[in-house]
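The values are calculated or read from the model by the stated rules, or taken from the named source; none is laboratory data. Because the structure is predicted, anything quoted here is derived from the model rather than measured. Positions of Cβ are backbone-derived with ideal geometry, glycine not excepted, and every protein chain shown enters the neighbour counts. All accessible areas refer to the heavy atoms of the entire protein, side chains included, with ligands and DNA or RNA removed. Shrake-Rupley method; radii C 1.70, N 1.55, O 1.52, S 1.80 Å.
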Amino acid sequence: LARPQSLFFRGGAAPKENQSKVKTTSPIELTVSKEGTNIPPLVFNLVKGIVGAGVLSLPAGIAAFGDSPSALIPALVLVAIIGILSGYGFALIGKVCAYTGATSYGEGWKESLGESSSWIPSLSAIFMTFSGCLAYSMILADTFSSLLQTKERTKVLLSVTGFLLLPLCWMKNLASLAPFSLLGVIGMGYTAIVMAVRYLDKSYVLPVITESMSEDGASFVRVKAGGKFVEQVAADLKPVFGEAGWSSVFSPKSLIFVCMLSTAYMAHFNAPKFFLELKENTMARYNTVVASSFGASIILMGFIASVGFLTFGKASSGVILNNYASKDALMSLSRIAVAVSLVFGYPLLFQGLRDGTLEIFKIPAEKRKEARLLNIATILLLSIVTVMAATLKDVTFVLALGGATCGCLLAYVFPAAMYCGMVKKLELKGETMNIVFSIISAVLGVIMGVIGAKMAIDQQLQK
């Protein structure tokens, strides 16, 4: 990211024409930009970046530990808690940028903890983007298979990869794909509304069979018809509800859901970008952006997770759209919107994976621009992702494991470490409470990550 028109850390340097000084509780003065983007557009863009396709897996995360509607109560509490913790980590990264002048996540690490260990967040980011690409490929395979009404998932995946994803990932300039991100927002909003409609109109309710006794002692059976689409759904995807209610959240399996949430809220590598682009980027205004964005994301994720789980319960698929009948016209439109959004969003995510991989192997920046190297790297990485996407069927496992490992590190542990390192390096005063909170966040991140990863792997092995 370029620095102009954004906040720098200047120590006592005279502010430029488009900057002004801000006093802090420490002897250090920060300069803020008078130019940039106002709060509402940044909030919209951040929510757009947070609420992606990963939210479609959250109902399955709830189903990992509960199968009764009352399990939704603690699940929504977890959605809020993890959202708040993720937002706190996002805010810490912005504060590190404010005091060090860092313009990226990696630079913030170097400025606060030193360059010798800067490979740690870089490697974590590579694994996180890899799991993101893998999840996207799996969702695309399932979505296109449903749209085409075929069970040849692997053939569909290979076709989508060869004819759509590979040409797009070969593009040198991805700026033309940016407008399609708006389609993702529209598609996700439409999906949430249609899921609510299908829950309320009971289109997927199972038939109810009751046995009654007549006055003369004869017994007879009454059958209440099920929803109009439920018979078109595969047996393993039809609604299933049981007795594992709110208390099931105390099962270690609930950490699978927690780790999936860590992946769903993952936007932390963009924290410096949002901080630098904010007009009059004081910490108070930046925190307003963070609180508003993560607050809205908590509501949206909670809503989609709720209607999906209340409709299908324990049978909620790793991609909730899989539960809906292929002949359900409203949901087919949702599949199309999500598929188009993922196809055009895929190259943006893949570029981060490819560039990060080349950087970790210390390929010189000049050589990274060579078409031959980029093409070879693209084919190799995309092939690995595609093979794994064809082998793995449960996107819940991918999101949970990614969130348990890299997600928890990037969202909770690393921001806390950078913040504590910055405070120590700059000898900042009055930061005791923030240090305590950041340490608590980091410890929770480690605990959730370790147990969550174990539970995700155990559940996958049992299938």
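What to note about this one:
- Each residue, Glu359 and Ile186, gets one label point 7 Å from its Cα in the Cβ direction; the gap between the two is 3.3 nm.
- Compared with the rule-of-thumb size 2.2 N^0.38 Å for a compact globular protein, region 102-149 has a Cα radius of gyration ratio of 1.79.
- What you get for the chain, charging only the Cβ of Lys and Arg (+1) and of Asp and Glu (-1), is a dipole of about 940 debye around the Cα centre.
- Considering only Cα atoms, the convex hull volume of region 117-175 works out to 102 Å³ per residue.
- Helix 414-426 vs. the chain, principal-axis angle (Cα, 0 to 90°, nearest 10): 20 degrees
- Dipole of the chain [Lys/Arg +1, Asp/Glu -1 at C-beta], most positive-end residue of Met388, Met433, Leu42: Leu42
- Rounded to the nearest 0.05, the FRET efficiency derived from the C-beta distance between Lys202 and Trp246 at R0 = 25 Å is 0.60.
- Convex hull volume per residue for region 245-397, taking Cα atoms only, in Å³: 199 Å³
- Acute angle (nearest 10 degrees) that the helix 39-50 long axis makes with the longest principal axis of the chain, alpha-carbon atoms: 50 degrees
- Helix 371-391 and the longest principal axis of the Cα set of the chain meet at an angle near 30°.
- Based on alpha carbons, the Rg and Dmax found for region 352-463 are 19.2, 53 Å.
- Exposure of Val208 as accessible area (Å², to 10), given a probe of 1.4 Å and all protein chains: 70 Å²
- Using a Förster distance of 41 Å, the FRET efficiency for Lys327-Leu373 (Cβ separation, nearest 0.05): 0.30
- Ranking of Glu359, Glu427 by solvent-accessible surface, largest first: Glu427, Glu359 (1.4 Å probe, protein heavy atoms only, all chains present).
- The Cα atoms of region 68-180 give a gyration tensor whose axes a ≥ b ≥ c have a/c of 1.5 or more with a/b no greater than b/c, which makes the shape oblate.
- Across Trp109, Trp170, Trp119, the residue with the most accessible area heads the list, and the full order at a 1.4 Å probe is Trp119, Trp170, Trp109.
- Spin-label pair Ile73/Phe437, simplified geometry with 7 Å Cα→Cβ offset, distance in nm: 2.9 nm
- Exposure of Ser131 as accessible area (Å², to 10), given a probe of 1.4 Å and all protein chains: 20 Å²
- Segments 271-281, 443-453, 120-130 sorted - mean Cβ within 10 Å per residue, highest first: 271-281, 120-130, 443-453
- Taking one quarter of the surface of the C-alpha convex hull of the chain gives a mean projected area of 24.6 nm².
- Order of exposure, largest accessible area first, which applies to Phe229, Phe350 with probe 1.4 Å: Phe229, Phe350
- Lys, Arg +1 and Asp, Glu -1 on Cβ, resulting dipole of region 234-341 about Cα centre, debye, nearest 20: 80 debye
- Residue-averaged [θ]222 nm for the chain, counting only DSSP H segments that reach four residues, each worth -39500 (n - 2.57): -19500 deg cm²/dmol
- Arg198 sits with roughly 20 Å² accessible to a 1.4 Å probe, with DNA, RNA and ligands left out of the calculation.
- Over the chain, accessible surface divided per residue gives 45 Å², non-protein components excluded, 1.4 Å probe.
- Too-long pairs where the Cα-Cα distance tops 32 Å, listed order kept, from Lys367/Lys454; Lys151/Lys273; Lys253/Lys327; Lys172/Lys314; Lys273/Lys362: Lys367/Lys454; Lys151/Lys273; Lys253/Lys327; Lys172/Lys314
- Student exercise, region 302-437 dipole from Lys, Arg, Asp, Glu Cβ charges, in Debye to nearest 20: 180 debye
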